[in-house]
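**Student:** Below you'll find the structure I mean.
The values are calculated or read from the model by the stated rules, or taken from the named source; none is laboratory data. Fair warning: this is a prediction, and the values are worked out from it, not measured in the lab. Here the Cβ positions follow ideal geometry from the backbone for every residue, glycine too, while neighbour counts run over all protein chains shown. Heads up: the accessible areas ignore ligands, DNA and RNA and are worked out on the full protein's heavy atoms, side chains in. Shrake-Rupley method; radii C 1.70, N 1.55, O 1.52, S 1.80 Å.
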Amino acid sequence: ALAQPRSLRLDGKYPEDAVAAQQALLAAQVDVMVVAAYGLILPQWVLDLPRWGCLNIHASLLPRWRGAAPIHRAVEAGDSQTGITLMQMDAGLDTGDMLAVEAVPISPTDNTASLHDRLADLGARMIVQALARLEEGVRLPSVKQPEAGISYAHKIEKHEAASDWTQPAELIVRRIHAFNPFPGAT
């Protein structure tokens with residue numbers, strides 16, 4: 001087994017599993033790591049491990065809708081567009097430099113499921129292109145996220161599914177679309 005440097009000690013609910021995962025990552029000697037819809041902040045030692053860093057396929061036009069539920073929140077807010085941002089991960093929550101951005105329109109009939117599927121296809125295409133460029137030795141352009149326009153896409157909670165029938169119809173429809181398929185509007 002690989003020796004575990006003191007600075008990489010792991011704690012938590014399942015320390016043995018964490019140590020095994022850490023040793024596997026250290027042994028793999030990876031060039032790049034890619035995450036999508038991961039939901040946790042990676043420790044700095046993981047971010048520093050791959051020579052090209054850790055890339056995130058994020059389903060929003062950052063800095064709008066950082067966080068856990070960017071597709072739901074874009075639909076719920078009535079945004080006219082969203083997209084994919086490929087991002088160099090850093091120690092913050094969806095705060096890293098942007099490497100590629102591509103927008104897609106949100107139609108009035110889109111729900112989270114339909115938009116998710118379009119964004120998944122787009123994100124897959126974009127990450128394959130980015131990885132090919134890295135493999136060719138091309139450095140990806142890196143742009144800092146703007147300070148203006150930051151919003152946070154809080155995790156969807158089941159209690160949000162309850163419709164408030166006193167709200168305007170447009171808002172009710174957006175929430176029904178946003179919570180389809182999960183948690184489902186009631």
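**Student:** Of these, Ala162, Ala100, Ala169, which one is of a type in the set (Gly, Ala, Ser), on the phi < 0 side of the Ramachandran plot and under 20 Å from the mean Cα position of the chain (by Cα)?
**Tutor:** Working: Ala162 fails: under 20 Å from the mean Cα position of the chain (by Cα); Ala169 fails: under 20 Å from the mean Cα position of the chain (by Cα).
Only one candidate qualifies: Ala100.
**Student:** Sticking with this structure for a sec: With respect to Val128, determine if the residue is under 17 Å from the mean Cα position of the chain (by Cα), open to solvent by 70 Å² or more (accessible area, probe 1.4 Å) and among the aliphatic types (A, V, I, L, M).
**Tutor:** On the way: under 17 Å from the mean Cα position of the chain (by Cα): yes; open to solvent by 70 Å² or more (accessible area, probe 1.4 Å): yes; among the aliphatic types (A, V, I, L, M): yes.
Judged against the criteria, Val128 is a match.
**Student:** Identify all residues within segment 73-83 that are touching a strand residue (DSSP E or B) at 6+ places or on another chain (Cβ under 7 Å), over 11 Å from Leu119 (Cβ atoms) and either among the small types (Gly, Ala, Ser) or buried (at least 16 other Cβ atoms within 10 Å of the Cβ) (or both); write none if there are none.
**Tutor:** Arg73, Ser80
**Student:** Tell me, please, whether a residue that is open to solvent by less than 20 Å² (accessible area, probe 1.4 Å), modelled with pLDDT of 95 or more and not in a helix (DSSP H, G or I) can be found in segment 148-155. I'd like the intermediate steps shown before the answer.
**Tutor:** Residues of segment 148-155 that are open to solvent by less than 20 Å² (accessible area, probe 1.4 Å), as a first pass: 153.
So of that shortlist, the ones also modelled with pLDDT of 95 or more come out as 153.
With the extra rule that they be not in a helix (DSSP H, G or I), the set shrinks to 153.
Looking through segment 148-155, at least one residue is open to solvent by less than 20 Å² (accessible area, probe 1.4 Å), modelled with pLDDT of 95 or more and not in a helix (DSSP H, G or I).
**Student:** Considering (1) farther than 29 Å from Gly53 by Cβ; (2) surrounded by 14 or more Cβ atoms within 10 Å (Cβ to Cβ); (3) in contact (Cβ under 8 Å) with a residue 40 or more places away in the chain, say which one Ala161 fails and leave the rest.
**Tutor:** (3)
**Student:** Shifting gears a bit: Of the numbered conditions (1) part of a helix (DSSP H, G or I); (2) more than 14 Å from the chain's Cα centre (by Cα), Asn180 fails exactly one; give the number of that condition.
**Tutor:** Of (1) part of a helix (DSSP H, G or I); (2) more than 14 Å from the chain's Cα centre (by Cα), only one is false for Asn180: (1).
**Student:** Go over the candidates Leu86, Leu99, Leu119 one by one and state the one that is within 17 Å of Ala153 (Cβ to Cβ) and open to solvent by less than 40 Å² (accessible area, probe 1.4 Å). Step through it out loud before you land on a result.
**Tutor:** Numbers: Leu86 fails: within 17 Å of Ala153 (Cβ to Cβ); Leu99 fails: within 17 Å of Ala153 (Cβ to Cβ).
When all the criteria are applied, what remains is Leu119.
**Student:** If you don't mind, there's one more thing I want to ask. I'd like to verify a number: residues in segment 104-119 that are acidic (Asp, Glu) and touching a residue at least 24 places away in the same chain (Cβ under 8 Å), how many? Show your work before the answer.
**Tutor:** Narrowing segment 104-119 to residues acidic (Asp, Glu): 110, 117.
If we keep only those that are touching a residue at least 24 places away in the same chain (Cβ under 8 Å) too, we end up with 110.
Residues in segment 104-119 being acidic (Asp, Glu) and touching a residue at least 24 places away in the same chain (Cβ under 8 Å): 1 in total.
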